[in-house]
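The values are calculated or read from the model by the stated rules, or taken from the named source; none is laboratory data. Only a predicted model underlies this, so the values are computations on that prediction, with no experimental measurement involved. Because the Cβ atoms are built from the backbone with ideal geometry, glycine has one as well, and the counts that use them run over all protein chains shown.
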Amino acid sequence: MTYVEPTTTDQEHECLRVALLTEGTYPYHPGGVSVWCDQLVRGMAPHRFTIYSIVAASDLRPTWELPENVDALHSISLWGDPKSKGSRFLKRVRKTLGHIGDALVEDKEAPGLFAAQRRSASDTATPRRLSSSTKTRRDADAHDAFESFAWSIGDPDGGSDFLEGLHRLFDVSRGAPLIDSLRSAESLEVLLLVMRKMQLDDRSAASAATEVTVADACLALDLIERQLRPLFEPPPVVDLCHATSNGLAVLPGLGAYWTYGTPLIISEHGIYLRERYLSINAFTYSRPVRSILLSFFKHLTWAGYQVAKAMAPGSEYNVLWLEANGCDPSRIRPIYNGVDAANFIRSSSNPDVPTLAWLGRIDPLKDVETLLYTFAKVREVKPETRLRIFGTASKENRGYLKICEDLARDLNLGDSVTFEGHVESVLDAYHAGDVVLLTSISEGFPYTLIEAMAAGKATVATDVGGVREATGGAGIIVPPRDPQRMADACLIFLNDIGLRNLVGRAARERILSRFTLDQSLAVFGDLYREVTGNITSAPILERNQVRTEEDMLEQFVMHLVERFLGPTVEEIEVRGANGTIQQIPEERSFA
Amino acid sequence: MTTPRSKKPVSKVTSIDGARRKASGTTAEMLPDVQGLLDWVLRDPRLVEYCASAVDQFEVAARLETFGLSARVVRTSFGFSDVFAAAAVVFESIPYMDVRPEKKPGPKMGNAQDLLRGALYAVPAIFVSVVILSFHLSAFWWLLPVGLTVAWGTTQAFTVLSWSLRDRKDHRSDAVLAASSIVFTAVASLVVSLVVRALLGGSATSVELAVALSVYIAASSILIFHAAERLLLLCLSPGFIGSVLSLDTISDKDATWWILASGVLVVSFALGPVVSKSWQRPTFSSSTKRQAGKFLLYGLGCGLLTSAVIGFATHSTRSSGSVAIAAGPLLVTLGLMEWQLRSLRSRTALALRETTDLRSFSQKARSAMVRSMTTYIGVLMITSVIATTIALVRHETMAPLLILTVDAIGICFFLALILVSAGLINRVLLSWLVAFGAMTIALLSEWSATGHIAADFGIVAVLISSCAAIASLSLLSRRVLLSPLNFEIQS
């Protein structure tokens, strides 16, 4: 964990000290969640914030300028050195000299003779073999705690034991890492047994026959130990912990809750568990590793739901996932993202040639491939159309960017599609297109969409997460991974400037009336005060408060689109039990 | 890779009673349309693959959503209360399919190329001999130890930093790192040479040669890091040709120019990124810097142990013949060291994938370890016997002791290399401490007993220290290397 600035405390009345817990986002990475974090922190002044940012590597530089009400930034590295304090050096030397046989600390990668050999240079965790004679009491306690913890991961109904196991590990660690204790042969042996049991309990005899290899167990132990590192950091000393997602970001909050009783609230933009299920797939890990990792994350998110005083998903749709994974519905308070309307103005001009714009991270969850297929289909009808893709790929997703670039080449899109990378002004990016697209397969309440709407753009988006709640009819929604439908929708807008402008205006009106930053911040302010007990009865956003049954705007826009397009029922073909094709009303019919 | 294992083909899936029973959360208006749902899933082979390999219904639910089966569709089209109820049915009904990740190739076994790489490491030793002979610099024995030790340390440290950048895919800092590596090595060796010259005497040419040698080593390590071994070989060919010609056709001084040309080529290519890449100041975490510091110490330890032999041997025999013969077995087996290290890593990686319990893994790892060690030590012994025979024929009386000492150093380096490649550098540093402690004690005891330190005894002291290092490395690595956690995990 790196320490950037000294912490100061603010004892002023009604000025809360808040720990904002992030994972892989603010302030090191761009993206919607980081935008939200920045808006939240700036907008919640005079509350004072300390940022706890869980990151992969330890040598990142913040890409966001921290607001003045941020007292300190702590980065917790999963793949870096967990502790770098000089005072530990002498302890290690003493320990090393005291236990020559076994006292090894923090060995890392090895370039070897002229770099022929190498372990990951960014990795610092040290596997360590302890003999029973030199085990410390702490090691033994850690091992006991890990053993029960590991068995709870393997138990589908072991959520309570998992939470208890986390608590025990936290108690044993006392703010110092347990790397050496957890990376032991004993832990490996336990995990091997747990993984074997999980395979035997698996649904399929064929799956049960999948052997768990030592490599599987090593990999699982490696990954689980890293995921647990945020738990072993000294817990934040604050009035409130606010995790920007469930999962790892919650771990420092759990420590604060157990140590000081600090209340925890969790915002879920995408659904953490759903995204783990999508990313940890059969093509990336073997089944035994995948089973235990996904079980770990399932239990971890369940644990977060049990401890959090309030859950604030970014959309009504995502509530389903929270409830399905054991979240108490009474604690769920959906809070929509908001945009600063002053920053998003309508453009008075249109691009010279018909242009589609897309803005976001180049990431498999954003399904850029469908975007390219869509564009290819649009060009079959309107060859002069351009596609401008704004956004960068993280280090992990550079391979995906390459796949997309190759696909663009294979589809013979030539210069008509451009990967434009980072863009300084998102407004310019939205205005670069006649239509703004969102092709994601998983979303919370996407900024790309509401910002584009605020900029008065007609949008075509996939029906995921809170997209339907955002557009409310002021835009076209199509099923995910369906290039044909998306292309049809794009062509409708490209062919009709009047409709495009009409929908764009309606979209902007919708954002200004419902999804502004001020509205969002006000709800968070109330939530902060309620969970910390600073006010007694401020009404917090009720479920469905934002959504009204009679949505006049939506009806108005639907009516207009109907007028222009005729039949307005979108059909998804599904074959019913009687073998007939059922017509499923969706948002629009453009097939 | 997809390997269907179920006897029931996925395409023949029908709704089953169990699945219907699972569809508990259904709407009051309509019964769940299980068959319709399954048909919908079966339309897309990708979705089938995801669902058939899912670990639980949550995974199926996530996949269904991403393929367009939103809560609304699942309710209005198929009569399920939500996507989770539908997912439970799909999870129960779709037969299991064994989808496995594409196997990443493990570390390759060592091969004859490693022997060639070893030769690349050894070639400069020939060059140095030619250059020293051409300038008649045999008196300034510290030239080689200084150049070697400084460069060994700095190249190890810079290699760690380079790996760190490569892991981050930061190629824009290559230029700065390459230039810094060479400049830092040059400055460090210049400073050390000047200090040693002030203490022990020597010519300005010796200082220049020590700096040149260290710069060459730093530059060649940059090329090897970038896997430009063929380029390095090409650069070294003029020097090699010159050295061969110097045996008969051309003068030593002419040969030196050829060697210098090789050195200039190597340095020029190593500095290639300086002109071809954009400049960016690299940043490193404190842990990476600390790790680089440890590797600096590791390299310095290797260099000092080698330098001690060179120093004492030069003073003991006053003949470069003994030193050259003694160094032969180690230089010849450098490539074998690479070969066996890679083979060990490859065999243990295979054992990790194949074994299902820790005991079996330990047995296989032990067997791989014994095989690599036996092969290396066996070949080292054979070459040593040949070298000893040559020495005895030439009446080089000190050579057998020197060969024994150099062999001990070779074994010591091989063990250290295995430990370092397993991520256990702290143990190697501890062993270096033990080795130099043993050497110091031996030399002090000799000095206190006789009032001076004979060069012959110095060689014995190095032998003692090498044996102490071997014992320490063996003790520290005895159980650790059999633990699967010490081998590279592909994550």
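For segment A:396-410, the criterion of being outside any helix (DSSP H, G or I), surrounded by fewer than 22 Cβ atoms within 10 Å (Cβ to Cβ) and not assigned by TED's automatic domain parsing to the domain that holds A:Glu275 is met by no residue.
Take the conditions of a type in the set (Val, Ile, Thr) and farther than 21 Å from A:Arg290 by Cα and apply them to A:Thr259. Does it pass?
Working: of a type in the set (Val, Ile, Thr): yes; farther than 21 Å from A:Arg290 by Cα: yes.
Here the answer is yes, as A:Thr259 does meet what is asked.
Filtering segment B:93-111 for residues that are modelled with pLDDT of 80 or more and under 26 Å from B:Arg230 (Cα atoms) leaves an empty set.
Would you check if there is a residue in segment A:308-318 being part of a helix (DSSP H, G or I) and in contact (Cβ under 8 Å) with a residue 24 or more places away in the chain? Explain how you work it out, then say what you get.
Here is the first cut: in segment A:308-318, the ones part of a helix (DSSP H, G or I) are none.
No: zero hits.
Scanning segment B:167-176 for residues that are surrounded by fewer than 23 Cβ atoms within 10 Å (Cβ to Cβ) and more than 7 Å from every other protein chain (Cβ to nearest Cβ) yields B:Asp170, B:His171, B:Arg172, B:Ala175, B:Val176.
Search segment A:226-237 for residues being touching a Lys or Arg at 6+ places or on another chain (Cβ under 9 Å) and crowded, with 24+ Cβ neighbours inside 10 Å, and hand back the single one that is nearest to A:Gly314 (Cα to Cα). The residue in question is A:Pro236.
Touching a helix residue (DSSP H, G or I) at 6+ places or on another chain (Cβ under 9 Å), within 26 Å of A:Gly255 (Cβ to Cβ), crowded, with 21+ Cβ neighbours inside 10 Å and within 7 Å of chain B (Cβ to nearest Cβ), is that true of A:Leu294?
Numbers: touching a helix residue (DSSP H, G or I) at 6+ places or on another chain (Cβ under 9 Å): yes; within 26 Å of A:Gly255 (Cβ to Cβ): yes; crowded, with 21+ Cβ neighbours inside 10 Å: yes; within 7 Å of chain B (Cβ to nearest Cβ): yes.
Taking the combined requirement at face value, the residue satisfies it.
Set side by side, the residues A:Val212, A:Val190 differ, and just one is in contact (Cβ under 8 Å) with a residue 60 or more places away in the chain and either buried (at least 22 other Cβ atoms within 10 Å of the Cβ) or outside any loop (DSSP other than H, G, I, E, B) (or both), which is A:Val212.
Among residues of segment B:452-491 being small (Gly, Ala, Ser), part of a helix (DSSP H, G or I) and surrounded by 21 or more Cβ atoms within 10 Å (Cβ to Cβ), the one that is modelled with the lowest pLDDT is B:Ser477. In segment A:130-169, of all residues being more than 29 Å from the chain's Cα centre (by Cα) and of a type in the set (Val, Ile, Thr), the one that is modelled with the highest pLDDT corresponds to A:Thr136.
Could we say that B:Thr348 is over 26 Å from the mean Cα position of the chain (by Cα), outside the structural domain of B:Ala119 (by TED's automatic domain parsing) and in a helix (DSSP H, G or I) here? Steps first, please.
Details: over 26 Å from the mean Cα position of the chain (by Cα): no; outside the structural domain of B:Ala119 (by TED's automatic domain parsing): yes; in a helix (DSSP H, G or I): yes.
So B:Thr348 does not fit the description; no.
Residues that are among the aromatic types (Phe, Trp, Tyr) and surrounded by 22 or more Cβ atoms within 10 Å (Cβ to Cβ) within segment B:97-130 comprise just one, B:Phe127.
Name the pairs: first residue in segment A:268-288 and more than 8 Å from chain B (Cβ to nearest Cβ), second residue of a type in the set (Phe, Trp, Tyr), Cβ to Cβ under 7 Å, at least 6 apart or on different chains? The qualifying pairs are A:His269/A:Trp36; A:His269/A:Phe445; A:Ile271/A:Trp321; A:Arg276/A:Phe297.
With respect to the conditions (1) closer than 30 Å to B:Pro105 by Cα; (2) surrounded by fewer than 17 Cβ atoms within 10 Å (Cβ to Cβ); (3) basic (Lys, Arg), B:Arg394 lacks only one, and its number is (1). Considering each residue of segment B:27-42, count those that are at the interface with chain A (Cβ under 9 Å from one of its Cβ atoms) and modelled with pLDDT of 85 or more, and give that number. The qualifying residues number 7. Count of segment A:253-283 residues, restricted to those that are among the hydrophobic types (A, V, I, L, M, F, W, C), closer than 21 Å to A:Ile224 by Cβ and part of a helix (DSSP H, G or I), is 4.
Just to be sure, is B:Leu344 surrounded by fewer than 23 Cβ atoms within 10 Å (Cβ to Cβ) and among the hydrophobic types (A, V, I, L, M, F, W, C)? Judged against the criteria, B:Leu344 is not a match. Check segment B:174-196 and report whether any residue there is touching a residue at least 24 places away in the same chain (Cβ under 8 Å), of a type in the set (Asp, Glu) and touching a helix residue (DSSP H, G or I) at 6+ places or on another chain (Cβ under 9 Å). Yes: one or more hits. Of everything in segment A:320-356 that is buried (at least 22 other Cβ atoms within 10 Å of the Cβ) and not in a loop (DSSP other than H, G, I, E, B), the residue that is nearest to the other protein chains (Cβ to nearest Cβ) is A:Trp321. Take B:Leu305 and tell me if it is within 14 Å of chain A (Cβ to nearest Cβ), within 22 Å of the chain's Cα centre (by Cα) and of a type in the set (A, V, I, L, M, F, W, C). Spelling it out, it is not the case that B:Leu305 is within 14 Å of chain A (Cβ to nearest Cβ), within 22 Å of the chain's Cα centre (by Cα) and of a type in the set (A, V, I, L, M, F, W, C).
Residue count for segment B:189-233, restricted to those that are among the small types (Gly, Ala, Ser), within 14 Å of chain A (Cβ to nearest Cβ) and part of a helix (DSSP H, G or I): 4. For segment B:263-276, the criterion of a residue being within 22 Å of the chain's Cα centre (by Cα), modelled with pLDDT under 80 and not acidic (Asp, Glu) is satisfied by no position. Residues in segment B:58-109 that are more than 10 Å from chain A (Cβ to nearest Cβ) and assigned to a strand (DSSP E or B): 1 in all.
Might you check whether a residue that is within 14 Å of chain A (Cβ to nearest Cβ) and in contact (Cβ under 8 Å) with a residue 12 or more places away in the chain occurs anywhere in segment B:369-376? Checked segment B:369-376: at least one residue is within 14 Å of chain A (Cβ to nearest Cβ) and in contact (Cβ under 8 Å) with a residue 12 or more places away in the chain.
Looking only at residues that are within 25 Å of B:Thr288 (Cα to Cα) and either under 16 Å from the mean Cα position of the chain (by Cα) or modelled with pLDDT of 90 or more (or both) in segment B:427-447, which one is farthest from the other protein chains (Cβ to nearest Cβ)?
Just the residues of segment B:427-447 that are within 25 Å of B:Thr288 (Cα to Cα), to begin with: B:427-433.
When the remaining residues are screened for being either under 16 Å from the mean Cα position of the chain (by Cα) or modelled with pLDDT of 90 or more (or both), the result is B:428-433.
Numbers: B:Val428: 9, B:Leu429: 9, B:Leu430: 7, B:Ser431: 10, B:Trp432: 13, B:Leu433: 9 Å.
Here the answer is B:Trp432.
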